[in-house]
1. Return the equivalent ellipsoid semi-axes of the stretch 38-325 as a descending list in whole Å, where each equals the square root of 5 times an eigenvalue of the C-alpha gyration tensor.
2. In nm, what is the difference between 0.36 nm times the number of residues separating residue 250 and residue 308 and their Cα-Cα distance?
3. Just want the ordering: 165, 272, 200, from fewest to most Cβ atoms lying within 10 Å of their own Cβ.
4. So for the stretch 38-325, averaging the separation of alpha carbon pairs under 8 Å that are six or more residues apart and normalising by length, what relative contact order in percent results?
5. Could you compute the FRET efficiency for residue 263 and residue 318, with r as their C-beta to C-beta distance and R0 at 35 Å, rounded to 0.05?
6. Order these by the 10 Å Cβ neighbour count, fewest first: 295, 261, 92, 106.
7. Between residue 150 and residue 169, what is the spin-label point distance in nm, taking each point 7 Å from the Cα along the Cα→C-beta axis?
8. Would you order 72, 174 from fewest to most other beta-carbon atoms within 10 Å of each residue's own beta-carbon?
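Values quoted throughout were computed directly from the atomic coordinates according to the rules given, and no laboratory measurement underlies them. Please read all numbers here as calculations on a predicted model, not as lab measurements. Cβ atoms come from the backbone with ideal geometry, glycine included; neighbour counts cover every protein chain shown.
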């Protein structure tokens, strides 16, 4: 009853608004109020490295492939990017000098897999999928996750790469107190999260990261946690997150976004409400960047962040672009 009443009020308010605008403006307003239905395939992913990731995912989608295959293959591009300092082989280490990788994946049947605190494996997202498809578990971590990956024949990598090791040595020299809290800023949250809808209308999502640079050894953020960094419900929509994982975990961020969409919120409205919940639970927002990206069952997308600077890559049959998210605050 509550949802129907909310929808009725939306329609009534939108209709009243339309009566006050020029015909040339009506279509734009309808797009805001109702979000025109867009069918798949469609793929979106966080940050500007999402352009290359989307392009790889699109190769799967345009041939009629599954959203699950697309989101795995798409983010593998970012995991292999030597210039990316927050995902995969090029990622920054923790304060003990270890590059530890986290990832998760979820499909339209609510199957999910995750890996955390994984070292020396080239594609944690593929390990997460292997866990999902071949075990009774959802998440493996640390040494057990690495043994599983090696037993299954996954390719290895050596980290940190020389350029990153040089950066780490500089940081270590400048931060002799190993218990000093690492700096948080809007450049330190470049996890890649990807959501896709295939030609059949099925949804899937993936998320992969090397985590917070110079974090405590053993730390996990939101990225490998189903319901925090990623959540997919094929009846409703999907969401992923980027930013300070500790804050996102506190509100089960991606699950919250999807549940809000279930209750009638648009993707953008749902992301904004999740951001507002994070804001309400923190007395100090200094450099606390959190961002959400969502897609509903009709292929409508939206995003929102605490601070300015978050953007996402969008790819459809007719469009390919970067989109700046709406936000609550500007960086000082």
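1. Ellipsoid half-lengths, sorted descending, are 28, 22, 17 Å.
2. Details: separation 58, 0.36 × 58 = 20.88 nm, distance 2.14 nm.
Taking residue 250 through residue 308 to full extension adds about 18.7 nm, to one decimal.
3. So the residues, fewest neighbours to most, are 200, 165, 272.
4. 23 percent
5. Values: r = 30 Å, r/R0 = 0.87.
About 0.70, to the nearest 0.05.
6. Working: 295 29, 261 25, 92 22, 106 32.
Going from sparsest to densest Cβ surroundings: 92, 261, 295, 106.
7. Modelled inter-label distance: 2.7 nm.
8. Numbers: 72 26, 174 8.
The most exposed by this proxy come first: 174, 72.
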